[in-house]
Amino acid sequence: MPTKSLFPDIEIPNVDIWTLLFERKDRPYPDDKVIYLDPDTNRSYTYAQVRATALDFGKGLKANWGWKRGDVLALFTPNCIDTPPIMWGAHWAGGILSPANPGYTAAELAFQLKDAGAKALVTQKPFLETAREACKIAGIDEDRIILMGDEKDETARFKHFSSIKNFSGTSRFRKAKIDPKKDLAFLVYSSGTTGHPKGVMLSHTNIVSNVLQSANAGDYQLTWTGQKDGQGDKILAFLPFFHIYGLTVLCHQSLYSGWQLVVMPKFDLERFCAHIQNYAITFAYAVPPVILQLGKSPIVANYDLSSLRMLNSGAAPLTRELVEAVWKRLKIPIKQGYGLSETSPTTHTQRWEDWQSTIGSVGLLMPNQTAKYVSAEDQEVPAGQTGELWIKGPNVFLGYLNNPEGTANALTSDGYFKTGDVGHQDAKGNFYITDRVKELIKYKGFQVPPAELEGILIGHDDVDDVAVIGVYDESQATEVPRAYVVPKKGVEAGKEKEREIVEWLGKKVAGHKRLRGGIRFVDMVPKSASGKILRRLLKEQALKEEKD
Ligand code: ATP
Ligand code: MG
């Protein structure tokens, strides 16, 4: 029998995101609660200002371009406090949002614009040239670029955010009709860890569900009031809004629950620490590369981070060793959550009170979902045994855009989504994720999860960062694990050190998990903007090395 969430089912109303957030009868906090704060400019948005700006922007879209239900608006910007009202304004007008990574080249952005069928794009001045080029490739008129920020450039043809959002007096436009279960709210792109990013179709109901699932079974210890200054929890928001993790938990969850966000355009360790100290930040959603820096970087020691009540880690495997190292060093507790773009995203989360007793687990299944681990033959396996995780619930996506084959492979006829991740659950309903099916190293008849080896190697005193991949060994006719190690400053990285680390690991793991592919010392480990190790890049490098 598939596992049902241990939490009681919650009612998911059949409403769109706008209705959930802005027509909510039981909103616990007042209109003037500050939700988004920009520490660089001191600009902020209260709840009422978010709503008014969104409404204005939505009307502007209709007035300027006759925006229609189903029209796609692309976002190409680092985190900015104007992004949430822009998104919800577009929703009000019936639009679908497709946020893109601001690190994209024009060609990468053009791919997404074309794939998503974007009608217009929002960006900022430093990204304008790339945006223009991409729009040209994708056949989007330059007149359909909206520029955020305060500067107006009168010479350009693109529209300015402020010029499109001053329609507040206009009452001739109405909110678009939306079918929450069928109409898309977002076309997000997966991280592209295993290949090309996939366009993931998320309905309004998908997002509404995940906001409510989290509000009931996620970080409900966070409050809009209380804490030291009576202003509630303060959350540091550096995860990219263009990725589903930041999009749902930062943009949507904060407004639903009344948390205040201090918004960073992107992650930077020094500023991360300074903001925590200066704003008495109480919580942050994070990813393993950030946790790694907290555990290892000397910078951290220069700041007082004691206001942090808890950190959440998601998006990639986090090991027991790292959680314990941060706790020992900084006394900051870390819990885990798990999710995917396809599940809007959060499906599992550790309860705060469990962070230490179920360390290494991604926690409990959130409400209204069922899940099972299945064998390679698609048969459910019992608790304790390893399998691929399948999930069913109202937060499961509608399919991949323009990719019926991918959709058919990912969704079963009875509504389960095959996550592609392997793990197991214990008898108490705690779920564990070991690795991705695709990334398991196959050494002879054995499977070796690279994330497990990385977790142990990180604990070596001379290792600053590490990634493990499988490389093919002709002589043994099998894949063998190899580590790419970033040595700590001052460590002499050579054959001697390689031998020492290989032996050190060999004493800690079963025979088949030893680093038979050796170690390569590198300057950095390639990671995606959403915090994942890009093992495919290292594999390409290894193949190239072999040919040379
Ligand atoms: P693509 O599907 O394009 O290859 P991706 O799967 O990395 O990219 P996302 O949807 O951003 O794109 O990430 C989902 C993946 O992140 C999951 O399949 C899982 O492998 C990983 N993940 C998320 N949370 C955790 C966690 N707590 N522990 C381990 N892995 C996690
Ligand atoms: Mg994926």
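If you go through segment 262-289 and keep only what is among the aliphatic types (A, V, I, L, M) and buried (at least 19 other Cβ atoms within 10 Å of the Cβ), you end up with 262, 263, 264, 276, 281, 284, 286, 287. Being surrounded by fewer than 20 Cβ atoms within 10 Å (Cβ to Cβ) and touching a residue at least 40 places away in the same chain (Cβ under 8 Å) is the filter here; which residues of segment 82-114 pass it? Answer for segment 82-114, where residues must be surrounded by fewer than 20 Cβ atoms within 10 Å (Cβ to Cβ) and touching a residue at least 40 places away in the same chain (Cβ under 8 Å): just 103.
Of the residues 175, 181, 136, the single one that is of a type in the set (D, E, K, R) and assigned to a helix (DSSP H, G or I) is 136.
Applying the criterion of being among the basic types (Lys, Arg) and under 13 Å from residue 173 (Cα atoms) to the residues of segment 33-68, the residue that is surrounded by the most Cβ atoms within 10 Å (Cβ to Cβ) is 59. Considering segment 410-442, and only residues there that are at pLDDT 95 or above and among the hydroxyl-bearing types (Ser, Thr, Tyr), the residue that is farthest from ligand 1 (Cβ to nearest atom) turns out to be 413.
When 214, 203 are screened for being away from ligand 1 (no atom under 16 Å from the Cβ) and not hydrophobic (A, V, I, L, M, F, W, C), only 203 passes.
Could you check segment 510-536 and list, in sequence order, the residues that are more than 16 Å from ligand 2 (Cβ to nearest atom), within 20 Å of residue 493 (Cβ to Cβ) and not aromatic (Phe, Trp, Tyr)? Within segment 510-536, 514, 515, 516, 517, 518, 519, 520, 522, 523, 524, 525, 526 qualify.
The single condition among (1) within 16 Å of ligand 1 (Cβ to nearest atom); (2) part of a loop (DSSP other than H, G, I, E, B); (3) among the aromatic types (Phe, Trp, Tyr) that residue 186 does not meet is (2). Restricting 109, 20 to residues that are of a type in the set (A, V, I, L, M, F, W, C) and under 22 Å from residue 182 (Cα atoms) narrows the list to 20. So for segment 494-508 (the condition being in a loop (DSSP other than H, G, I, E, B), more than 18 Å from residue 545 (Cβ to Cβ) and at pLDDT 95 or above), does at least one residue qualify? The answer is yes; a qualifying residue exists.
Filtering segment 179-194 to residues that are under 14 Å from the mean Cα position of the chain (by Cα), near ligand 2 (Cβ under 9 Å from one of its atoms) and β-branched (Val, Ile, Thr) leaves only 193. Please work out which residue is farthest from the chain's Cα centre (by Cα), limiting yourself to segment 217-273 and to residues that are farther than 21 Å from residue 101 by Cα and of a type in the set (Ser, Thr, Tyr). Only one residue tops the list, namely 225. When the strands (runs of 3 or more DSSP E) confined to segment 343-450 are screened for residues that are touching a residue at least 24 places away in the same chain (Cβ under 8 Å), within 13 Å of residue 2 (Cα to Cα) and in contact with a Pro (Cβ under 7 Å, 6 or more places away or on another chain), those reaching at least 2 such residues are found at 370-374. For segment 499-548, a residue qualifies if it is closer than 11 Å to residue 468 by Cα, within 16 Å of ligand 1 (Cβ to nearest atom) and crowded, with 20+ Cβ neighbours inside 10 Å, and the qualifying residues are 525, 533, 535, 538.
The values are calculated or read from the model by the stated rules, or taken from the named source; none is laboratory data. Only a predicted model underlies this, so the values are computations on that prediction, with no experimental measurement involved. All Cβ positions, even for glycine, are placed from backbone atoms using ideal geometry, and neighbour counts span all protein chains on display.
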